[in-house]
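Peer 1: To start, I am sharing the structure in question, which I have written as structure tokens.
The values are calculated or read from the model by the stated rules, or taken from the named source; none is laboratory data. Remember, predicted model here, so these are calculated numbers, not experimental data. Neighbour counts run over all protein chains shown; Cβ positions are idealised from the backbone, glycine included.
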Amino acid sequence: MTILLSVLISCSLFVAGDAVPPKVKDAFSRQYMDVPTATVTWGVEEEDFVATFLDARDRLAKAFFSAEGEWEETHTRLYPSQLPRPVRLYYEANHEDKDVSFIGSVQYADGSESYRIEWETYEAVHIEEISPEGALLESKRLSFTEGLDIW
């Protein structure tokens with residue numbers, strides 16, 4: 001768990017709201033008019049500014065924006081019961097016995113949507129992207145030991 005926390009901290013740095021470019025804040029306000037800006041926590045992941053907030057339905061969400069203020073995608077945490085039936089069936093068949101740390105939808109700027117399932121093993125974080133029809137689109141494995149010398 002300590003390793004995972006270290007990985008998450010190194011991947012996402014929180015920034016003060018005044019360090020976020022005005023065009024990014026404006027883009028967030030246009031995209032999420034119903035979210036009070038005072039309730040948003042800002043961070044940086046790679047080159048994106050990331051707003052973490054509760055959406056209009058009280059679900060935890062993370063919206064990703066470029067430095068130019070372009071909305072790229074939003075990840076929204078869901079319970080398995082909130083997944084579309086094909087995605088829920090995929091989850092039940094493949095992940096109910098795993099230490100799942102995130103299940104949610106991903107909305108993209110082009111209007112498309114997918115679903116994301118993340119789980120952990122001792123060695124890695126595993127990420128799968130699932131289509132709304134319940135088909136596996138992509139699978140990634142992020143090793144905790146990549147780039148580290150193991151003695």
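Peer 1: Looking at region 81-93, I want the residues that are more than 16 Å from Val106 (Cα to Cα) and have a partner that is in a helix (DSSP H, G or I) with Cβ atoms under 8 Å, at least 6 apart or on another chain. Which pairs are those?
Peer 2: Pairs that qualify, where the first residue is more than 16 Å from Val106 (Cα to Cα) and the partner is in a helix (DSSP H, G or I), are Ser81/Arg88; Glu92/Pro80.
Peer 1: From the list Ala51, Ala56, which one is under 28 Å from Pro22 (Cβ atoms) and assigned to a loop (DSSP other than H, G, I, E, B)?
Peer 2: Residue meeting the stated conditions: Ala56.
Peer 1: While we're on this one: From Trp42, Trp71, grab the single residue that is over 18 Å from Gly104 (Cβ atoms) and surrounded by 17 or more Cβ atoms within 10 Å (Cβ to Cβ). Show your work before the answer.
Peer 2: On the way: Trp71 fails: over 18 Å from Gly104 (Cβ atoms).
Sole residue among the options that is over 18 Å from Gly104 (Cβ atoms) and surrounded by 17 or more Cβ atoms within 10 Å (Cβ to Cβ): Trp42.
Peer 1: With (1) at pLDDT 55 or above; (2) within 21 Å of Arg77 (Cα to Cα) as the list, and Ala19 as the residue in question, which single condition is left unmet?
Peer 2: Condition not satisfied by Ala19: (2).
Peer 1: To continue, here is another question. How many residues does region 101-125 contain that are without any contact (Cβ under 8 Å) to a residue 24 or more places away in the chain and under 30 Å from Glu70 (Cβ atoms)? Steps first, please.
Peer 2: First, the residues of region 101-125 that are without any contact (Cβ under 8 Å) to a residue 24 or more places away in the chain: 110-114, 118, 121-124.
Of the ones still in play, those that are also under 30 Å from Glu70 (Cβ atoms) are 110-114, 118.
Qualifying residue count for the region: 6.
Peer 1: Follow-up question, since we're still on this one. Lys98 fails exactly one of the following numbered conditions: (1) exposed (fewer than 14 other Cβ atoms within 10 Å of the Cβ); (2) in contact with a Ser or Thr (Cβ under 9 Å, 6 or more places away or on another chain); (3) in contact (Cβ under 8 Å) with a residue 12 or more places away in the chain. What is the number of that condition?
Peer 2: (1)
Peer 1: Looking at Tyr115, is it surrounded by 12 or more Cβ atoms within 10 Å (Cβ to Cβ) and closer than 29 Å to Lys25 by Cα?
Peer 2: Here the answer is yes, as Tyr115 does meet what is asked.
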